[in-house]
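Structure first, then comments.
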Amino acid sequence: MTGSLEEKAAKAGEAGHYGKDVRSDLHVAVEPRDGGGLDITMESRVAPYYGGSILMQARQVLEVLGIKHARVAIHDEGALPFVISARIEAAAKRAGLGLGRKASPEQFTLPKSSPRDRLRRSRLYLPGSEPKYFINAALHEPDAIILDLEDSVHHAEKDAARILVRNTLRAVDFGKCERMVRINQLPLGLEDLAEIVPESPDLVLLPKAEQPEHVAETDRMIGELKNRYGITRPIWLMPILESALGIENASAIATVSKNVVALTIGLEDYTADLGVAKTAEGRESLYARTRLVNAAKAVGVQAIDSVFGDVGDMVSLRNWAENSRALGFEGMGCIHPAQIPVIHEAFAPSAAEIEKASKIVTAFEDAQQRGLGVVSLGSKMIDPPVVERAQKLVERAKRMGKA
């Protein structure tokens, strides 16, 4: 008797959330049965307006998953169609139904592929299990959106989050933002890749990268999936170095694949690995951050700093970002939208810097046109490295709309 009860319980599947503090989500419970068709019940505050559409979509999703007989209970909290599909699919698969099938929403027209050297001043982390953050994220205008499948997702929700992120990549237009996904550490991350790569994310972040082999395995899996699904647009890689070993292997990690476009650091894990406290000044991580920058610059990839964890301290955030730029970083992570404008301003050259650099570039171009080998500005001679630095600053300022 006990065995049969456990078997019956194992067949039930649930996914999603509901309650007074939940929005843009829904909870689904799926219980298989031997016959009787589909018995679907629903509770929703918007039932008078959208109840019929929700029920119709539920039946369509169940049909796509090949489910003909089941009891389905839905508690809706204003979920959009791509969320509804993801939650029903996750619940069904947890019930042992619809395995090997997908109920993916219609795909919107993908934006142009992301250039390898695009601006990456800010990347906003969004928990991959919380759909309430997805729709309006692009309004804050970060350079990138990260749909996170790692630290922000409870281990028991990894499977459901994976499906939700897949649907989000298909259905949500993030505008000009680069579409990133942080997968889990390998080998679990390979399951993430199997779900998300067919939806062509622009970039994959690989956490806790310690050996070049970790990156090579990720790159190999992405390549196989791209070939299988006929994907020709690039999917870039950004390894996250989060340990002393990862920092020491920075150069090897950066060069193991041509698809690595940036290196970044995770300071919470790094300082934990060292056994030291993480501070707002960052003295304890200065070596690691400068080594990462040097390794990245040596091989021509971007150096991107960690997140700043205190969302209420904008003064310290600005100081951190300005120091980060001075070290050679080109951007950093964000955990709250309010951090984005502060970071963008800190990583932008000042008006005085732009003016000085523009004069140097103009003087250089004038000297070139006149066939002069020496560049001078007023009474000062300008060395070639100074010209090169000025050219880079002016170009970056133009890309930011500052010049």
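The values are calculated or read from the model by the stated rules, or taken from the named source; none is laboratory data. Owing to the predicted nature of the structure, the values given are computational and were not obtained by experimental measurement. Note: ideal-geometry Cβ built from the backbone for every residue, glycine included; neighbour counts use all protein chains shown. With ligands, DNA and RNA removed, areas are computed over all heavy atoms of the protein, side chains included. Shrake-Rupley method; radii C 1.70, N 1.55, O 1.52, S 1.80 Å.
Data table
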{"quantity": "Subset of segment 164-189 (residues that are among the aliphatic types (A, V, I, L, M) and surrounded by fewer than 24 Cβ atoms within 10 Å (Cβ to Cβ))", "calculated": "A171, V172, L186, L188"}
{"quantity": "Residues being touching a strand residue (DSSP E or B) at 6+ places or on another chain (Cβ under 6 Å) and surrounded by fewer than 24 Cβ atoms within 10 Å (Cβ to Cβ) - total across segment 77-94", "calculated": "2"}
{"quantity": "For D25: the one exception among (1) touching a Pro at 6+ places or on another chain (Cβ under 8 Å); (2) more than 20 Å from R162 (Cα to Cα); (3) among the acidic types (D, E)", "calculated": "(2)"}
{"quantity": "Scope segment 323-344; condition more than 19 Å from the chain's Cα centre (by Cα) and surrounded by 14 or more Cβ atoms within 10 Å (Cβ to Cβ); matching residues", "calculated": "N323, S324, R325, L327, G328, V342"}
{"quantity": "Conditions (1) surrounded by 16 or more Cβ atoms within 10 Å (Cβ to Cβ); (2) within 23 Å of G128 (Cα to Cα); number of the one not met by V256", "calculated": "(2)"}
{"quantity": "Enumeration of residues in segment 38-87 that are assigned to a loop (DSSP other than H, G, I, E, B) and either in contact (Cβ under 8 Å) with a residue 60 or more places away in the chain or not charged (D, E, K, R) (or both)", "calculated": "V46, L65, G66, I67, H69, A79, L80"}
{"quantity": "Checklist (1) more than 19 Å from R233 (Cβ to Cβ); (2) touching a Phe, Trp or Tyr at 6+ places or on another chain (Cβ under 9 Å) applied to Q185, failing item", "calculated": "(2)"}
{"quantity": "Residue ID - farthest from G78 (Cα to Cα), chosen from residues in segment 132-152 that are under 13 Å from the mean Cα position of the chain (by Cα) and part of a loop (DSSP other than H, G, I, E, B)", "calculated": "D143"}
{"quantity": "Selected residue (criterion: nearest to A338 (Cα to Cα)) from residues of segment 136-149 that are open to solvent by less than 10 Å² (accessible area, probe 1.4 Å) and out of contact with any helix residue (DSSP H, G or I) (no Cβ under 7 Å at 6 or more places or on another chain)", "calculated": "A137"}
{"quantity": "Those residues of segment 183-214 which are part of a helix (DSSP H, G or I) and of a type outside the set (D, E), in sequence order", "calculated": "L188, G189, L190, L193, A194, I196, V197, P198, P212, H214"}
{"quantity": "All positions within segment 191-240 that are touching a residue at least 40 places away in the same chain (Cβ under 8 Å), under 17 Å from the mean Cα position of the chain (by Cα), within 19 Å of G266 (Cβ to Cβ) and open to solvent by less than 40 Å² (accessible area, probe 1.4 Å)", "calculated": "D192, L203, L205, P207, A209, V215, W236, M238, I240"}
{"quantity": "Residue count for segment 241-253, restricted to those that are surrounded by fewer than 17 Cβ atoms within 10 Å (Cβ to Cβ) and either more than 25 Å from A303 (Cβ to Cβ) or of a type in the set (D, E, K, R) (or both)", "calculated": "1"}
